[in-house]
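A.B. asks: Okay, handing you the structure first.
The values are calculated or read from the model by the stated rules, or taken from the named source; none is laboratory data. As the structure is a prediction and not an experimental result, all values here were calculated from the model. Cβ atoms come from the backbone with ideal geometry, glycine included; neighbour counts cover every protein chain shown.
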Amino acid sequence: MTIADPADTDYWIVGARIVDGTGAEPVDGCAVHVENGTITEVGRAPSRGATLDASGLTLTPGLIDAHVHL
């Protein structure tokens, strides 16, 4: 799936490894729900809805400091 304008849509990024920046262990196979360009949920993806496959990739949802060393 290609997102033409992520700010105007509702989708799940699925299959990713999530690093939340708190020092907790990464969690594999998670999903991030994005609605109108805003992260609304991090967890397990539902069985329906538009998805982007992020298998094998790592996401850091909500991590703002782009110069942080993890």
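A.B. asks: Given the options GLY62, GLY37, name the one that is modelled with pLDDT under 85, under 12 Å from TRP12 (Cα atoms) and either surrounded by 12 or more Cβ atoms within 10 Å (Cβ to Cβ) or out of contact with any Cys (no Cβ under 8 Å at 6 or more places or on another chain) (or both).
C.D. replies: GLY37
A.B. asks: Looking only at the range 17-33, how many residues end up being under 15 Å from LEU63 (Cα atoms) and touching a residue at least 24 places away in the same chain (Cβ under 8 Å)?
C.D. replies: 7
A.B. asks: What tally of residues in the range 1-34 results from selecting those that are in contact with a helix residue (DSSP H, G or I) (Cβ under 9 Å, 6 or more places away or on another chain) and at pLDDT 90 or above?
C.D. replies: Residues in the range 1-34 being in contact with a helix residue (DSSP H, G or I) (Cβ under 9 Å, 6 or more places away or on another chain) and at pLDDT 90 or above: 0 in total.
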